[in-house]
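J.: Okay, handing you the structure first.
The values are calculated or read from the model by the stated rules, or taken from the named source; none is laboratory data. Worth saying up front: this structure is predicted, and the values here are computed from it rather than measured. Cβ atoms come from the backbone with ideal geometry, glycine included; neighbour counts cover every protein chain shown. With ligands, DNA and RNA removed, areas are computed over all heavy atoms of the protein, side chains included. Shrake-Rupley method; radii C 1.70, N 1.55, O 1.52, S 1.80 Å.
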Amino acid sequence: MSNALVAKYGEARLPRYTSYPTAPAFAASVGPEDYSQALAAATAGAPVSLYLHMPFCRSMCWYCGCHTTITRHDGPILDYLDVMSREIELVAKEAHGEIPVKNVHFGGGTPTIMKPHEFSALMKTLRTSFAFARDTSVAVEIDPRTLAGEMMIALGENGVDRVSLGVQSFDPVVQKAINRIQTFGQTEAAVAGLRSRGVSSTNFDLIYGLPFQTVGSCVETVRMAIDLRPERFAVFGYAHVPAFKKHQRLIDESALPGAAERNEQAEAIAEELVSAGYIRIGLDHFALPDDELALAARSGTLRRNFQGYTTDECETLIGLGASSIGRLPSGYYQNHVAIGRYAEMVSLGLLPTAKGYLLTREDKLRAKVIERLMCDFEVDIAGLCREAGYDAGFLLERNPRFDDLVADGVAAIAGGRITVSKDLRFMVRAVAAAFDAYFGALGRTHSKAA
Ligand code: SF4
């Protein structure tokens, strides 16, 4: 792999494109009234997915890029759960008729910071407010360090069938440098316990590019993880943005690997996973061949949302909880990040929408192009343009960024179809950025591409 290309594109700060436009384009001019109208229009019979955000953790991992608050007390969590239950009822009232739910995802923070009976009560509120089916899938992000046996029982009893475990690195030196001590035994016990409670799909999150991480330590971690045979892996590069995440200043910058090393780590992890039988999916996911993520990748139906690559086909994702983002056919709607402001709005009987973005016809076209690139590494751009009522060459004319990528051999175009070079797939975000009308104009630093 060319180091010059790594330097030219890999060093650039590029969005992960879990949405288009990306969150920095959201504006406060979009508020509760817009969301109310959008909800009524979007939920007329079509199934939806729900995302619930639990913004609390017991201790801070220094690499963390999530919206979370550290608390040792249970009071703030209980108060928050009260507010979120009211928000669920509020949203259900705004929507017209019974809303069928296809998928539920609990993210954080640490969703399993809830007590088992609190989780069951929240699930009951959801089941009363929305229409659950026998095949509604419930996914929960898990912190193996604090997962108690009673909570595993509650997860199983409430129909949780998918979990995602934060693993990151098993290297004790790396763990100390990121303030996250997690033994292999804790992860192993969580996997065994959850499987015995009916969880059929387990994902592990791994991170490369952490302080003191080497290719060797990445390989050792992934080999240990493979022994537990999770159905999926998500492998992310650490995004060091201390200007936005103050706790990241606790990370020793001099111990961070450079761009070329990060790339070698990512490739070494990928090689281990592929030789262990996992299928490489999109930019950073891996799945066993019979996992539905692998099947979706094969059939061209893979999707991308705020949780990464997914098989979720619902056009409407309702976000619940502080900072959560909803994606509806009309646009994006984000709740207040500050828990106090979020709670205040809900207690006034108002939807807690802080900002959002209303999609234009052109945005929807660009979003489709970017999603297909991120999922398939190729896109029928002429076909999508025509389908949306534009000239076949609409997004390609006067696009010097894309011309540059073609000249460098990163992407190619033939017969109205763009393909990203297989060897340079880690640069797919650079190709996606060539179709992002906002790229470079929003003044926000994103994570490294490699
Ligand atoms: S457990 Fe997850 S959300 Fe909480 S601090 Fe660690 S990385 Fe962040």
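J.: Between rounded, prolate and oblate, where does segment 14-151 land on the alpha carbon gyration tensor, with a ≥ b ≥ c its root eigenvalues, rounded for a/c under 1.5, else prolate if a/b exceeds b/c?
T.: In terms of gyration-tensor shape, oblate.
J.: State the antiparallel share, in %, of DSSP beta bridges confined to the chain, rounding to the nearest 5.
T.: Restricted to the chain, the bridges split so that about 45 percent are antiparallel.
J.: Taking all protein chains in place and a 1.4 Å probe, what share, in percent, of the accessible surface of the chain do carbon and sulfur account for?
T.: It is 52 percent, rounded to a whole number.
J.: Give, as ranges by residue number, the residues of segment 54-98 whose backbone N falls under 18 Å from the point 7 Å along Cα→Cβ of residue 246.
T.: 56-57, 59-72
J.: Given R₀ = 60 Å, what would the calculated FRET efficiency be for residue 82 paired with residue 276, taking r from the Cβ atoms and rounding to 0.05?
T.: That gives a FRET efficiency of 0.85.
J.: Right, something else. About its Cα centre, how strong a charge dipole does segment 361-440 have in debye, to the nearest 20, once Lys and Arg get +1 and Asp and Glu get -1 at the Cβ?
T.: 160
J.: Rounded to the nearest 500 deg cm²/dmol, what is the calculated helix-only ellipticity per residue at 222 nm for the chain, with -39500 (n - 2.57) per DSSP H run of length n ≥ 4?
T.: Theoretical 222 nm ellipticity from helices: -10500 deg cm²/dmol.
J.: Roughly how compact is segment 361-440, stated as its Cα Rg over 2.2 N^0.38 Å to two decimals?
T.: 0.98
J.: If you don't mind, another one. Which is farthest toward the positive dipole end of segment 81-144 among 91, 113, 133, measuring Cα position about the Cα centre, with Cβ charges +1 (Lys, Arg) and -1 (Asp, Glu)?
T.: Final value for the positive-end residue is 133.
J.: Further question on the same structure: Using r as the Cβ-Cβ distance of residue 153 and residue 387, and R0 as 35 Å, what FRET efficiency do you calculate, to the nearest 0.05?
T.: Taking R0 as 35 Å, the efficiency between residue 153 and residue 387 is 0.10.
J.: Rounded if a/c is under 1.5, else prolate if a/b beats b/c, else oblate: with a ≥ b ≥ c from the C-alpha gyration tensor eigenvalues square-rooted, which is segment 8-90?
T.: oblate
J.: FRET efficiency for residue 337 and residue 438, Cβ-Cβ distance as r, R0 = 22 Å, nearest 0.05?
T.: After rounding to 0.05, the efficiency reads 0.60.
J.: Hey, another quick one. Given labels modelled 7 Å from the Cα in the Cβ direction, how far is it in nm from residue 361 to residue 8?
T.: Using points 7 Å along Cα→Cβ, the separation is 3.6 nm.
J.: Another one. Pop a pseudo-label 7 angstrom from the Cα along the beta-carbon direction at both residue 229 and residue 215 and give the gap in nm to one decimal.
T.: 3.0
J.: Exactly which trypsin sites (Lys or Arg not before Pro) in segment 320-427 are in a DSSP loop and have at most 16 other Cβ atoms within 10 Å?
T.: Filter output for segment 320-427: 398.
J.: What size of dipole, in debye to the nearest 20, comes out for the chain about its Cα centre when the only charges are +1 on Lys and Arg C-beta atoms and -1 on Asp and Glu C-beta atoms?
T.: 500
J.: Let me ask something additional. Simple spin-label model, 7 Å along Cα-to-Cβ: residue 33 to residue 417 in nm?
T.: Here the answer is 4.8 nm between the modelled labels.
J.: Which whole-number value in Å² is the accessible area per residue of segment 168-226, probe 1.4 Å?
T.: It amounts to 39 Å² per residue over segment 168-226.
J.: Which of the chymotrypsin sites (Phe, Trp or Tyr not before Pro) across segment 167-250 are loop residues per DSSP, with 16 or fewer other Cβ within 10 Å?
T.: For chymotrypsin sites (Phe, Trp or Tyr not before Pro) across segment 167-250 that sit outside H, G, I, E and B with at most 16 neighbouring Cβ atoms in 10 Å, the list reads 244.
J.: In the chain, with Lys and Arg counted as +1 and Asp and Glu as -1 at Cβ, which of these residues, 241, 182, 413, has the Cα nearest the positive end of the dipole, that is, farthest along it?
T.: Positive-most Cα among the choices belongs to 241.
J.: Kirkwood Rh over Cα pairs of the chain into Stokes-Einstein at 10 °C, 1.306 mPa s: D in µm²/s?
T.: 70
J.: Taking the Cα centre as origin and putting +1 on Lys and Arg beta-carbons and -1 on Asp and Glu beta-carbons, what dipole magnitude results for segment 35-94, to the nearest 20 debye?
T.: With only Lys, Arg, Asp and Glu charged at Cβ, the dipole is about 180 debye.
J.: Relative contact order for segment 3-320: what is it in percent, counting Cα pairs under 8 Å that are at least 6 residues apart?
T.: Relative contact order, segment 3-320: 19 percent.
J.: Defining a contact as two alpha carbons under 8 Å apart and six or more residues distant in sequence, what relative contact order in percent does segment 244-341 show?
T.: 11
J.: Sum up the lysine pairs in segment 3-320 that clear both bars: alpha-carbon distance under 19 Å and a spacing of 8 or more or different chains.
T.: Close lysine pairs under the 19 Å cut-off: 6.
J.: Among 201, 21, 288, pick out the residue whose Cα is farthest towards the positive end of the charge dipole of the chain, where Lys and Arg carry +1 and Asp and Glu carry -1 on C-beta, about the Cα centre.
T.: Farthest along the dipole direction, towards plus: 21.
J.: Could you pull the Cα extents of segment 195-340 along its three principal axes, largest to smallest, in whole Å?
T.: Between the extreme Cα coordinates on each principal axis of segment 195-340 lie 45, 41, 32 Å.
J.: While we're on this one: At a Cα cut-off below 19 Å, give the aspartates and glutamates reachable from residue 355, other chains included and same-chain residues fewer than 8 away excluded.
T.: Leaving aside aspartates and glutamates fewer than 8 places away in the same chain, those within reach of residue 355 are 33, 34, 87, 94, 344, 363.
J.: Ok, one more. With a cut-off of 17 Å, note down the residues of segment 72-97 whose backbone N falls inside the zone around a label point 7 Å from the Cα of residue 146 toward its beta carbon.
T.: What the label zone holds, given the 17 Å backbone N cut-off, is 72-82.
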